[in-house]
1. Please give the per residue accessible area of the stretch 1-104, computed with a probe of 1.4 Å over protein heavy atoms only, in Å².
2. Enter the Cα centre distance for the pair the stretch 298-345 and the stretch 1-61, rounded to the nearest angstrom.
3. Mind giving me the FRET efficiency for Leu387 and Tyr138? R0 is 22 Å, r the Cβ-Cβ distance, nearest 0.05 is fine.
4. Pick out which of Ile289, Ile166, Ile112 has the largest mean-square fluctuation in a Gaussian network model of the chain, springs linking Cα atoms closer than 10 Å.
5. For the chain, with equal point scatterers placed on the C-alpha atoms only and solvent neglected, what are the log10 I(q)/I(0) values from the Debye formula at q = 0.07, 0.10, 0.12, 0.14 1/Å, to two decimals?
6. If N is the number of residues in the stretch 4-59, what value comes out of its Cα radius of gyration divided by 2.2 N^0.38 Å?
7. Quick one: what Rg and Dmax do you get for the stretch 285-415 from the alpha carbons, in Å?
8. Scattering from the C-alpha atoms of the stretch 328-386 alone, worked out with Debye: what is log10 I(q)/I(0) at q = 0.18, 0.24 1/Å?
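The values are calculated or read from the model by the stated rules, or taken from the named source; none is laboratory data. Every value quoted in this text rests on a predicted model; they were computed, and no experiment measured them. Cβ atoms come from the backbone with ideal geometry, glycine included; neighbour counts cover every protein chain shown. Note: accessible area is taken over every heavy atom of the protein model, side chains too, but ligands, DNA and RNA are not part of it. Shrake-Rupley method; radii C 1.70, N 1.55, O 1.52, S 1.80 Å.
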Amino acid sequence: MSKALEGVRILDFTHVQSGPTCTQLLAWFGADVIKVEKAGEGDATRGQLRDIPDADSLYFTMLNHNKRSITLNTKDPKGKEVLVNLIKQCDVMVENFAPGALDRMGFPWEKIQEINPRIILASVKGFGPGPYVDCKVYENVAQCTGGAASTTGDPDGVPMVTGAQIGDSGTGLHLALGIVTALFQREKTGRGQKVLAAMQDSVLNLCRVKLRDQQRLERTRVLKEYPQYPEIEFGEAVPRAGNASGGGQPGAVLKCKGWQKDPNAYIYFITQAAVWGAICKVIGEEDWITNPHFATPEARLPHQKMIFDRIEEWTKTKTKFEAMDILNEFDIPCGPILSMKEIAEDQSLRETGTIVEVDHPVRGKYLSVGNPIKLSDSPTEVTRSPLLGEHTAEVMAQMGYSAEQIAELKAARVI
Ligand code: CAO
């Protein structure tokens, strides 16, 4: 079966996490992704957080599936010539260097466009134009500057970053959408363009509900669905809301049977208005269905803590999976807090290809997250990440270099 992006060739200058997540997605959709790495060194993540000596780390292998790797010294004049040829023959160039690195390399956008007017140059940067445009950025910096950290954490605790890599992988997703959109527009215009996804912007995009709440707070001085209400006075900025749902339907993390020993024996419980009657029946508080203090969503808001405490009395008598089964019978939205161990062992996630086992020649078998986006006409087969420079000769030959030229460039340490 053909793949959605078959025939699209990507010149992949990405490293660490944000850029590689983007190009990995494109590779899963069938693009030919040629990852360019510094000879002898490669992407720094190959050697970071290693669990097996001399084997590419899981950090690297889990972000670079389905790609080819070539080594190239782009600071060498002969390397620059090779790069010019690569730019001529690729549809998209993706990079997440520190600001200005591409210019210092001698390849500003104007030059890249001159070499190949159809090429799309896609970049991840920490910030868009503005006071911080020149700053280097890593995941947690983006979470802090994009509004996630100030709105995450316990109401009386410090700002908190989340384990979900919304700054890196989140920005990679945004960039991938920008690239396919630019490819789509190129069909009509014949021209390439520059695509920028700034990490701060991407995090903020994922935090837009908090900017919504900021404006609601400024207008009404209160956020009734937040755990601060009604006891604690609100300040000027959206406060941290603990595990409150953040939406129109109140929710909370509640203890389940075994919580004293198991740090993940919890369930997320949403008191969706539509199933309030069913919730009351399940927990044995049927009079709450008609009691004016609890009968409507508005009436319940000042009593959220008491309501969730009562529901927790019930959830504590069930394991998180038992509670899930019972609540689902009544269409009550809820979800067990799953540990990574439980997710890794989940058979249904294996069957859909969301968790995949991959074989690697040096490290052996390992688990990875497969393509979370399923296309019915473009199925994803996850293949292992490339070894450093594994495809240098193959790609150079495809580009028209002879065996002698390849040997010469190798001897001169250009590739
Ligand atoms: N041949 C020769 N030189 C190469 C090369 C190659 N194939 N590939 C890269 N280089 C050079 C670059 O040109 C750059 O040289 P100069 O500093 O002389 O211009 C140098 O390698 C280092 O690149 P860098 O500055 O991007 O790398 P760093 O490790 O110092 O910074 C990071 C890493 C991530 C902080 C920075 O790249 C960055 O801010 N990127 C944008 C934001 C981003 O994506 N952050 C997410 C990272 S994942 O958490």
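1. Value for the stretch 1-104: 38 Å² per residue.
2. 39 Å
3. Details: r = 26 Å, r/R0 = 1.18.
Between Leu387 and Tyr138 the formula returns 0.25.
4. The residue with the greatest mean-square fluctuation here is Ile289.
5. -0.44, -0.82, -1.05, -1.27
6. Computed over Cα atoms of the stretch 4-59, the ratio equals 1.23.
7. For the stretch 285-415, the Cα-based Rg and Dmax read 27.7, 86 Å.
8. Summing over Cα pairs of the stretch 328-386 leads to -0.77, -1.05.
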